[in-house]
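First up is the structure itself, then whatever we jot down about it.
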Amino acid sequence: MKRRRTLPRGGRLALVLLLLLLLAVLLVPVIDGGRSTVMDPARRLQPPSAAHLFGTDNYGRDILICLFEGGRATLSIAAGTILLGCLAGLVIGALSGFFGGRVDWLLMRFNDALLSFPSILLALLFITVLGGGRWQLILAMGLMFTPSFARVVRTGFMQQRSSPHVIRVQVMGASPWRVMTVHILPLILVRLSSAIAIGLANAILTESSLSFLGLGIPPSERSWGRMLHDAQSFIFEAPWFAVFPGLIIVFTVLLAFILGSALTELRSATISPGDVPAPEVAPAQHPVVEPPADALLGIHELTLAADEEVVHGISLHVSAGEILGLVGESGSGKTMTALAVADLLPRGVRRRGGRIQIAGQNPDLLSAHARRRYLASKVGFCYQDALTALNPLLPVGRQIAESVRLTGVRDTEAIRARVLELLTKVHLAEPETVARALPHELSGGMRQRVLLAMALAAEPDLILADEPTAALDGETADIVLEELGRQREQGRGILFISHDIDIVRRLADRVAVMRHGRIVECGPTEEVLTRPQTDYTRLLLASQPSFARRGLLLGIQTGGEKP
Amino acid sequence: MSELLRLTDLRLAYTGERLVLRDIDLVIREGDVTGLIGESGSGKTTIARLLSGELEAESGQIIYAGTDITHLRGAARRRATQGMAMVFQDPYTSLDTWRPVAAQVEESLIIRGERDRDERRRRVAAILRAVGLDPERYGSRVPAELSGGQRQRVAIAAATVARPRLLIADEAVSALDIPVQAQILNLLALLSGSMGFACLFISHDLNVVSWLCDHVAVLHEGEIVEYGETGRVFTNPQHPRTQALVRRLARP
């Protein structure tokens, strides 16, 4: 299996180049032994040549060797700055994040004060008071970098402190010290690693700017910024003198930034949901049944693909006045199928084949505009997650009104009346109050009914209901299910997606079982759920826990082949 | 069997307004699997958080293995609650993203003071095998390299490797697909049987509770409205709330 903890390629390259640069900075001046950095007026300001690849400076010193030597000051100051800033930030952030409360308030106000003061001014102030020099620079810049590190550490601690992982080990009896050092700190260091790389880049830039202004490294020493400072007077006479120090600063800073963003990616890659193991054997597809000519929704050999195929040529149909239950595990392709019908496939998922017929029309044959109108009038979509499917900033009445307006109603009063009618229809008491409420002011069950009201706004022939009750409690779920039942009585067709076989058993006329992007079994609900024809359906049924099955292991089939 | 956990008149209100829990009384005996069932917002998870020490009750008592832990904090609480372990709904956030799973299971033994490294390794391998994960093949993986069901197996291994007396499972199977849920439920039933730990199994799913638990407590708006042996509660529910729940289950 693929390891997810390796650095992206760009980041690895940047790391290798940075290490090579560090090695050169450490070794080259030693190998050279000071020969090339001796003042020699005879070699003054020579352009790049074979003897002096980057040319010479105003004292006749080899610029390439000087760069490696100057790198020692620049890089050690940057490293010292980050080390100091990071340690101070760790202490402040950890105290703040771990204890919270008053300690946190005090430390964070101190942090804010530091952050709100222009950092370069702060550094200048320090240097003016302490004088220039390596240690003074590290101290001044370290202070300047502390708040940003403290913030990263504090946020990490705050998040980790209340995470299930930390609570779990606390309940096991881990001491606060162990929780902090073993369970929180390593995760914080991962977060810090990218902040460190990016801080390094910033520290190199700051040191260079200060030294260039003549405020950093004293003239007796050499750093990249100092070399730029010295080169100013010769910019027309000997441009190479300024160009090469400038280039190496840009080059190093760029590499550090690349490394930093690669480390950020590394961090986010680890919080992606886990991989679903690939199917051992592709399940057999249920044979294609020609849909009845008058089917409301006909799906014929639909194939969907993202990076790889996710739905493999499935065929389904829903008739008017019928509920088709589509059951299967997460990742089996149920939702993708519904999204394909509504022409709402997410970016990156394409239809690779197959035909979709809705109320006698193939929407693919319509222009984009006409298709949108057609689908809006024929298909209502009821999503699973009511909180994210609604706009959090608009009263729900306004959002339903939007759906009503799409059906062509223009009159404000008529729209209002229709909104209240829809809300009443889904059994929301006090529809006027509900219409004025923002989504977060409603309970989960109320929000789900608002979504259903929106799906019904256009009086669609076909309703696509994607796990509409998964997040609901028993009673509220019943209200939504009963409303779907009523819609069926009125002749609408419903594609009802669910992982809950009990609900499908109660509601659906026919059921289709989906697995790994294929329909493995399809037929009348009663038949499929009492006399399943495939191992997978049998497994699903045998896996259902119930009072009747107490004392028996789940998932073990009685009178069937092994799963 | 002797009493392991006793909650008496437990009461908690958020910000002084609504009572989240009122007069909770519950007893769990050694080895008993008790289901705590209720709708979202009924206070199930709040009870778990009182037990884990994240929240502190306003009045009432939590007695665990003979010690009143209601207001115990710090080292004294850690000593008194030896033998408690938790499993959460989302195994991903309840595991360390960066450490190999074997090390995370071993951590439980380190916390419990098992000094012998070889003994730890042996027990980690044994429990990983018991939850159905080959230690050779899976031990060195990080959670991102496992499926959801495998992660929950790791979480259960980490919770049970040190032989708990009380396992608190908060919606531990709710996020799993049915076939995977079935495997995890089988595992919990087998482990609680063979290790003999008691379990507070918190769930909103009556089917699951009715299959797994010896006793059921029904929580409604912060109150336990019914408690009894699973068989009795399901065949002869007393409270209207429970009757409604059971009726919904029994519907064809």
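See the values below:
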{"read-out": "Extended-chain gain in nm, criterion 0.36 nm per residue less alpha-carbon gap, A:Val349 and A:Leu19", "value": "114.7 nm"}
{"read-out": "Calculated log₁₀ intensity ratio I(q)/I(0) where the Debye formula runs over C-alpha points of the stretch A:493-554, q = 0.21, 0.24, 0.27, 0.28 Å⁻¹", "value": "-0.87, -1.10, -1.30, -1.36"}
{"read-out": "The stretch A:406-505 shape via C-alpha gyration tensor axes, a/c threshold 1.5", "value": "oblate"}
{"read-out": "In order through the stretch A:431-442: 3J(HN,Hα) via Karplus (6.51 cos²θ - 1.76 cosθ + 1.60), integer Hz, x for Gly, Pro", "value": "x, 5, 5, 4, 4, 7, 7, 7, x, 6, 7, 9"}
{"read-out": "Kyte-Doolittle at least -0.5, axis length at least 27 Å by Cα - qualifying DSSP helices, chain A", "value": "A:9-32, A:63-99, A:134-161, A:185-212, A:239-269"}
{"read-out": "Tensor-based shape of chain A (alpha-carbon gyration tensor, a/c under 1.5 rounded, otherwise prolate or oblate)", "value": "prolate"}
{"read-out": "Positive-end extreme of charge dipole, the protein assembly as shown - chosen from A:Ala453, A:Met172, A:Leu326 (charges on Cβ)", "value": "A:Met172"}
{"read-out": "Inter-label distance for B:Arg79 and B:Asp116, nm, one decimal - labels placed 7 Å from Cα along Cα-to-Cβ", "value": "2.6 nm"}
{"read-out": "Cβ-derived FRET efficiency at R0 45 Å, A:Phe117 paired with A:Met39, nearest 0.05", "value": "0.60"}
{"read-out": "Accessible carbon and sulfur surface of the stretch B:203-252 relative to its total accessible area, %, 1.4 Å", "value": "49 percent"}
{"read-out": "Inter-label distance, nm, simple model (7 Å from Cα along the C-beta direction), A:Glu430/A:Ser377", "value": "3.8 nm"}
{"read-out": "Hull-based mean projected area of the stretch A:298-385, where the convex hull spans the alpha carbons, in square nanometres", "value": "6.2 nm²"}
{"read-out": "Rounded Å value of the spacing that divides the Cα centres of the stretch A:91-141 and the stretch A:430-505", "value": "54 Å"}
{"read-out": "Segment A:Phe257-A:Leu387, length gained on full extension (0.36 nm per residue, minus Cα span)", "value": "43.1 nm"}
{"read-out": "Shielding by other protein chains, A:546-553, mean Cβ within 10 Å", "value": "6"}
{"read-out": "Debye, to nearest 20: dipole size of chain B, +1 on Lys, Arg Cβ, -1 on Asp, Glu Cβ", "value": "540 debye"}
{"read-out": "Chain B, helix-only ellipticity at 222 nm - DSSP H runs n ≥ 4, -39,500 (n - 2.57), divided by all residues, nearest 500", "value": "-11500 deg cm²/dmol"}
{"read-out": "The stretch B:169-225-the stretch A:3-60 distance, computed between alpha-carbon centres (Å)", "value": "66 Å"}
{"read-out": "The stretch A:75-132 shape via C-alpha gyration tensor axes, a/c threshold 1.5", "value": "oblate"}
{"read-out": "At R0 = 60 Å, FRET efficiency that the Cβ-Cβ distance of A:Val289 and A:Gln232 yields, to 0.05", "value": "0.15"}
{"read-out": "Furthest towards positive pole of dipole, A:Ser162, A:Leu200, A:Leu185, structure part the stretch A:134-254, Cβ charges", "value": "A:Ser162"}
{"read-out": "Cα convex hull volume per residue for chain B (Å³)", "value": "133 Å³"}
{"read-out": "Set of aspartates and glutamates near A:Lys378 by C-alpha distance (under 13 Å), chain-local residues within fewer than 8 positions excluded", "value": "A:Asp343, A:Glu459, A:Asp461"}
{"read-out": "Student exercise, the protein assembly as shown dipole from Lys, Arg, Asp, Glu Cβ charges, in Debye to nearest 20", "value": "1720 debye"}
{"read-out": "Kyte-Doolittle mean at least 1.0, axial Cα span of 24 Å or more - DSSP H helices of chain B", "value": "B:178-195"}
{"read-out": "Size of electric dipole in the stretch B:1-131: Cβ of Lys, Arg +1 and of Asp, Glu -1, about Cα centre, debye, nearest 20", "value": "500 debye"}
{"read-out": "In Å², nearest 10: area of A:Glu309 left accessible to a 1.4 Å probe", "value": "70 Å²"}
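The values are calculated or read from the model by the stated rules, or taken from the named source; none is laboratory data. Quick caveat: nothing in here was measured; it's all calculated off a predicted structure. Neighbour counts are summed over all protein chains in view; Cβ atoms, including those assigned to glycine, are modelled from backbone coordinates with ideal geometry. With ligands, DNA and RNA removed, areas are computed over all heavy atoms of the protein, side chains included. Shrake-Rupley method; radii C 1.70, N 1.55, O 1.52, S 1.80 Å.
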